[in-house]
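A.B. asks: Before anything else, here's the structure in question.
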Amino acid sequence: MPVIRVALDVPVHTLFDYVAPDATERDVGARVCVPLGNRRMVGVIVEMAADAATASRRLKNIFCIFRDAPPLPADLLDVLRFCSAYYHHPLGAVVMHALPARLRSPEPMAGDPGAARYRLTAAGRAIDPSVIPARRKIRRQLLAQFQESGVLRRDEARRRSRSAPAALEEFVQLGWIEEFEDGPRNASGEPAESPAGTGSMVAEALPPGLTLTEDQAHAVRSITSAMHDYHPWLLQGVTGSGKTEVYLRLIAHVLHQGRQALVLVPEISLTPQLEAVFRARFPATPLIRLHSGLASGERVRAWLQARQGAARIILGTRLAVFTPMSKLGLIIVDEEHDASFKQQEGLRYSARDTAIFRARHARVPVVLGSATPSLESYRNAADHRYHGLFLRTRANRGASLPAIRCVDLRTVETRDGLSAPLIAALAERLALRQQSLVFINRRGYAPVLRCKSCAWVATCHRCASRLVAHLREKCLRCHHCGHQERFPQACAACGNQDVTLLGHGTQRIEAALAERFPEARILRIDRDSTRRRNAWPSILEDIQAQRVDILVGTQILAKGHDFPHLSLVGILNPDASLFSTDFRASERLFAQLMQVAGRAGRADIPGEVLVQTEFPGHPLYQALRRHDYDALAQELLAERRAAGFPPYVHQALLRAEAPQIATALAFLDRAAAAANPTSRVQVFDPVPAHMARLKGVERAYLLVQAGSRSQLQAFLSAWRERLDALPGRKVRWTLDVDPLEF
Ligand code: ADP
Ligand code: ZN
Ligand code: ZN
């Protein structure tokens, strides 16, 4: 009887063996339903066990193997095995994390495919049916029918032709139609027709009259000359240098080879914009988006299309790095320095680092793009482990880099957080009908509510953090756990009624600007104002159409967006990060400021940036003024080397959470005692986390570090086994390899 080894989502580092009478080698990677205790669980077959070794054991039988979707391909299983081993997370948990929710359910995919309904999108309306080759008659007719009636049911389409369901899938990938639902969505497994025909619709719309800059051309030439093996490229390009155009040329190359491109971005909010660019350039190429915001039916369908090779461009956030792809040809990681590529819970993986592993395993190039590469990647390029490529000037010939000036807050006063030079500059842009952006990294009205007589400040009872005043909603809110409470009438400590608001947040700045410039149209953009689903497209449209004069926003605004009418950026009080205890704070601050500053002057209007600071002489601001990331990166790297910080050492945290901090620390003490450090691995003392209390749970950690990755990994493997055996009642612990947060 064949015996299979199954990865199940349970917190132990073992596989589970079952007898599977009808299993064959071809089922490796398939989902399977098995008994565990008295539960039914879904797992994935990761290998066939040799009969001899297991014959004597009494193994249970499986319930069934699901054959409603193709199995996970072997190369993806290897990527998942790597993640499990490197991040010391159970393989079953890693595998199930990578699967769309629909495929994790113990029910086979079901639904009445006939009832699915599709409607025409704006993109579909704009398509001339004659772009479809005449020999693909059914597709032409279907598109024409959609353009006439707007909506079509799947079974109606099918009555026309047996190939209609495949055509509908194809139109969905092209963005011409979308499925919509009143009830639950269905997901059909394999398409009725081979998707092989889809490739013939790959087409490309070259932008008229765009010639690559010399730097762009060099980058494209270098990368495309070595497409058939693993090469890691670091594409360092100043904001507006045209990294996207380089990506587009590389993707075109891959599409011509009949292969697929995987493009990872840090934020969901960046996908619509990039998607629009890709669709405009490759109007007839199947593209899918994969991110956590998708409905589950949509996600599983996209996943299957990638698996089958039908989808050619896969655009997604972190999780998309686990998309199965049969013809992977290229991976792009845009804004590679962004911390959101690292997952901060459960499987604490870095999608960027996993992308590197995946590219090497698949023997395809991987391109990391950024204006301010992470110091890890920067050093890899400096040491020639990555190939460095540079885009040093803005691509658009009219545009130059913005002039950056510091407003010295030691000599210039502010009112409501705004200095006179900034007010003057804003007034000037208003008169010129140009847009301005005021950047402040704090949403809400004011960060702190404080008692004037006893200095009490309002704090969250569940977290070690201060509550932020939101004036419009008349509430105090915790930005870590979401806790919300009414404005207190008096001080909670002494009863004094004189409580005041200290500091500035987006709402307060918005109010101050409104008072100052009553005629200006002001738009606040932060997590509060964009929470509404689909708020982004209309916000971006308002900005593009110049229905806004002054934008007030947090870092949400900083990322990637292109605002052609924006010529002034004011940055309020970024100094706190200069003196943070987090050794990555400077690197992050610079990346953020460079990105915000980069919003100014992207078209033909020269841009200006004003930074309000008490430390205008600080090397970070000096480098910013010269747009010189290299100067700063080298200085920071020298500091890191001297202090023994990453990337010169490799770190891992053992994180522990418990109801009482003493319980967490005691567990970490036992863990430290159980460690068997060699001279090459340092084990530090347990300490409370930076946010020592979060959502009512106390948190502490223990740092270990080593000079090399392999030493650290060897240590962690041995240590983890001992940790598994430690008594740890009421303690939840995890390992965090290459931690970004402390
Ligand atoms: P980045 O992502 O590097 O910040 P983008 O890719 O957004 O920069 O490009 C900035 C602008 O420059 C875009 O409007 C783009 O269309 C334009 N652009 C890119 N390459 C060229 C080129 N070779 N010639 C003229 N304009 C270009
Ligand atoms: Zn008080
Ligand atoms: Zn809280």
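The values are calculated or read from the model by the stated rules, or taken from the named source; none is laboratory data. In this text, all values refer to a predicted model and were calculated from it rather than measured experimentally. Ideal geometry is used to build each Cβ from the backbone, glycine not excepted, and the neighbour counts take in all protein chains shown. Surface areas here come from the heavy atoms of the whole protein model, side chains and all, with no ligands, DNA or RNA. Shrake-Rupley method; radii C 1.70, N 1.55, O 1.52, S 1.80 Å.
A.B. asks: With each label point set 7 Å from Cα along the Cα-Cβ vector, what nm distance links Ala123 and Glu148?
C.D. replies: Rounded to a tenth, the inter-label distance reads 2.5 nm.
A.B. asks: Given the whole protein assembly as supplied and a 1.4 Å probe, what does the accessible area of Asp22 come to in Å², nearest 10?
C.D. replies: Number for this one is 80 Å².
A.B. asks: Please compute the length gained on full extension between His384 and Glu473, using 0.36 nm multiplied by the number of residues separating them and subtracting their Cα-Cα distance.
C.D. replies: Residue separation times 0.36 nm, minus the Cα-Cα distance, leaves 26.7 nm.
A.B. asks: Hey, what do the phi angles of segment 62-78 turn into as Karplus ³J(HN,Hα) couplings, whole Hz, using 6.51/-1.76/1.60 and θ = phi - 60°, x for Gly and Pro?
C.D. replies: Once θ is set to phi - 60°, the couplings for segment 62-78 become 6, 7, 6, 9, 7, 10, 7, 9, x, x, 4, x, 4, 5, 6, 4, 5 Hz.
A.B. asks: Right, another one. Set the Förster radius R0 to 35 Å, insert the Cβ-Cβ distance between Ser453 and Asp542 as r into 1/(1 + (r/R0)^6), and round the FRET efficiency to 0.05. The partial results should precede the final answer.
C.D. replies: Details: r = 45 Å, r/R0 = 1.28.
Taking R0 as 35 Å, the efficiency between Ser453 and Asp542 is 0.20.
A.B. asks: Further question on the same structure: Which of the GluC sites (Glu not before Pro) found in segment 319-383 are in a DSSP loop and have at most 10 neighbouring Cβ atoms, other than their own, within 10 Å? Don't jump to the answer; show the numbers that get you there.
C.D. replies: On the way: sites: Glu335, Glu336, Glu345, Glu376; in loops: Glu335, Glu336, Glu345.
Filter output for segment 319-383: Glu345.
A.B. asks: Using modelled amide H (1.01 Å from N, peptide plane; none on Pro or chain starts), what sits under 5 Å from the amide H of Gly388, excluding residues fewer than 5 places away?
C.D. replies: Distant-sequence amide H within range of Gly388: Leu234.
A.B. asks: Hey, what do the phi angles of segment 568-580 turn into as Karplus ³J(HN,Hα) couplings, whole Hz, using 6.51/-1.76/1.60 and θ = phi - 60°, x for Gly and Pro?
C.D. replies: Residue by residue, segment 568-580 yields 9, 10, x, 10, 8, 6, x, 4, 3, 5, 5, 10, 5 Hz.
A.B. asks: Describe numerically, in nm with one decimal, the distance between label points set 7 Å from Cα along Cα→Cβ at Ala50 and at Ala692.
C.D. replies: Between Ala50 and Ala692, the simple spin-label model gives 5.5 nm.
A.B. asks: So if we plug the beta-carbon distance of Glu519 and His461 into 1/(1 + (r/R0)^6) with R0 = 60 Å, what FRET efficiency do we get, rounded to 0.05? Don't jump to the answer; show the numbers that get you there.
C.D. replies: On the way: r = 43 Å, r/R0 = 0.72.
Step by step, r from the Cβ atoms, then E = 0.90.
A.B. asks: Next up: Would you mind getting me the FRET efficiency between Arg625 and His256? Use the beta-carbon distance for r and R0 = 51 Å, nearest 0.05. Working shown, then result.
C.D. replies: On the way: r = 43 Å, r/R0 = 0.84.
Taking R0 as 51 Å, the efficiency between Arg625 and His256 is 0.75.
A.B. asks: Fully extended, how many nm does the chain gain between Ala493 and Ala725 (0.36 nm per residue separation, minus their Cα-Cα distance)? Write down the numbers at each step before the final one.
C.D. replies: Numbers: separation 232, 0.36 × 232 = 83.52 nm, distance 4.53 nm.
Length gained, Ala493 through Ala725: 79.0 nm.
A.B. asks: With θ set to phi - 60°, apply the Karplus curve 6.51 cos²θ - 1.76 cosθ + 1.60 along segment 660-673 and write out the HN-Hα couplings as whole Hz, x wherever there is a Gly or Pro.
C.D. replies: Using θ = phi - 60°, the values come out as 10, 5, 4, 5, 5, 5, 5, 4, 5, 4, 5, 5, 5, 5 Hz.
A.B. asks: Taking amide H atoms as placed 1.01 Å from N in the peptide plane, list the residues 5 or more away in sequence, or in a different chain, whose amide H sits under 5 Å from that of Ala395.
C.D. replies: Ser241, Gly242
A.B. asks: Starting from the Cα of Glu345, step 7 Å along the direction of its Cβ; do the same at Asp582; then give the gap between the two resulting points in nm.
C.D. replies: 1.8 nm
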